[in-house]
1. Is at least one residue of the stretch 121-131 of a type outside the set (D, E) and modelled with pLDDT of 90 or more?
2. Out of the residues in the stretch 91-120 that are of a type in the set (G, A, S) and at pLDDT below 85, which is farthest from V69 (Cα to Cα)?
3. I'd like the residue in the stretch 36-63 that is of a type in the set (A, V, I, L, M) and closer than 15 Å to A103 by Cβ and, out of all such residues, is most open to solvent (accessible area, probe 1.4 Å).
4. Return the only residue of V66, V95 being out of contact with any Leu (no Cβ under 7 Å at 6 or more places or on another chain) and within 25 Å of L122 (Cβ to Cβ).
5. When the stretch 96-113 is examined, which residues are found to be assigned to a loop (DSSP other than H, G, I, E, B) and either touching a Pro at 6+ places or on another chain (Cβ under 8 Å) or buried (at least 17 other Cβ atoms within 10 Å of the Cβ) (or both)?
6. Is it the case that the stretch 126-140 has a residue that's open to solvent by less than 20 Å² (accessible area, probe 1.4 Å), in contact (Cβ under 8 Å) with a residue 24 or more places away in the chain and among the acidic types (D, E)?
7. Is it the case that P81 is out of contact with any strand residue (DSSP E or B) (no Cβ under 8 Å at 6 or more places or on another chain), surrounded by fewer than 13 Cβ atoms within 10 Å (Cβ to Cβ) and not β-branched (V, I, T)?
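The values are calculated or read from the model by the stated rules, or taken from the named source; none is laboratory data. Since the structure is predicted, the reported quantities are computational estimates derived from the model, not experimental observations. FYI the Cβ positions are ideal-geometry reconstructions off the backbone, even for glycines, and counts take in every protein chain you see. Heads up: the accessible areas ignore ligands, DNA and RNA and are worked out on the full protein's heavy atoms, side chains in. Shrake-Rupley method; radii C 1.70, N 1.55, O 1.52, S 1.80 Å.
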Amino acid sequence: MTTQRWTLEVKVGAFIVLGVALLVFFVFAIGDLSTAFQSGYRLRVLFDSANGMTDGSPVQYAGVEVGKVQAVHIIYPKEQPIPKVELLVRLPSYVTVRSDDEASISTFGLLGEKYLEIRPGLGTGGILEPDGQLIGKPPVSTERIIERSNEVLNEFKQTLQGLNSLIA
């Protein structure tokens, strides 16, 4: 009887260990926590506005996804009365960002997800240390593009009306 009980306990124990192992695997696979254990460093990127950027937004360097935005904060620099938006970005150690690299906020597709894009510069700037700071280009506002397109369409419409009255 003790052998049967011991066999049952081993089976239940193995089942629980297997279940926990699968749970841990799926948490890492779904949550993309595998990057949490990779060696890397943090970088600060400052913008005037960071519309659509959230924690977990992708970061691309030279068109390749290399990291995620860890946090988005509003900061008040001592030199300026205007607040800035600070993105804390985690990058792997093999990515070298220089001070002349260009950071901007882009969109996957026309209406897709926002991401931070870092394009390499000329390579003449100094290498940014961990917790270094990169100044981002102001993002192009979709609303401003639509507004300007409406202005152009109105001007085009007025030109066509003028042509119609000239022809008539």
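1. From the stretch 121-131, those of a type outside the set (D, E) are 121-128, 130; that's our starting set.
Adding the requirement that they be modelled with pLDDT of 90 or more leaves none.
Looking for residues that are of a type outside the set (D, E) and modelled with pLDDT of 90 or more, one finds none in the stretch 121-131, hence no.
2. To start, the set of residues in the stretch 91-120 that are of a type in the set (G, A, S) comprises 93, 99, 103-104, 106, 109, 112.
Cutting the leftovers down to at pLDDT below 85 gives us 109, 112.
Details: G109: 19, G112: 17 Å.
Filtering first and then ranking leaves G109.
3. Filtering the stretch 36-63 down to residues of a type in the set (A, V, I, L, M) leaves 36, 43, 45-46, 50, 53, 59, 62.
Next, only the ones that are closer than 15 Å to A103 by Cβ stay: 43, 45-46, 50, 53, 59, 62.
On the way: L43: 0, V45: 0, L46: 19, A50: 16, M53: 15, V59: 0, A62: 64 Å².
If we take residues in the stretch 36-63 being of a type in the set (A, V, I, L, M) and closer than 15 Å to A103 by Cβ, then A62 is most open to solvent (accessible area, probe 1.4 Å).
4. On the way: V66 fails: out of contact with any Leu (no Cβ under 7 Å at 6 or more places or on another chain).
The match here is V95.
5. Residues of the stretch 96-113 that are assigned to a loop (DSSP other than H, G, I, E, B), as a first pass: 96-97, 99-101, 108-113.
Result: V97, D101, E113.
6. Of the stretch 126-140, the ones open to solvent by less than 20 Å² (accessible area, probe 1.4 Å) are 132, 134, 136.
In the following step, the residues that additionally are in contact (Cβ under 8 Å) with a residue 24 or more places away in the chain were identified as 132, 134, 136.
Subset that is among the acidic types (D, E): none.
No, the stretch 126-140 contains no residue that is open to solvent by less than 20 Å² (accessible area, probe 1.4 Å), in contact (Cβ under 8 Å) with a residue 24 or more places away in the chain and among the acidic types (D, E).
7. Values: out of contact with any strand residue (DSSP E or B) (no Cβ under 8 Å at 6 or more places or on another chain): yes; surrounded by fewer than 13 Cβ atoms within 10 Å (Cβ to Cβ): yes; not β-branched (V, I, T): yes.
Answer is yes for this residue.
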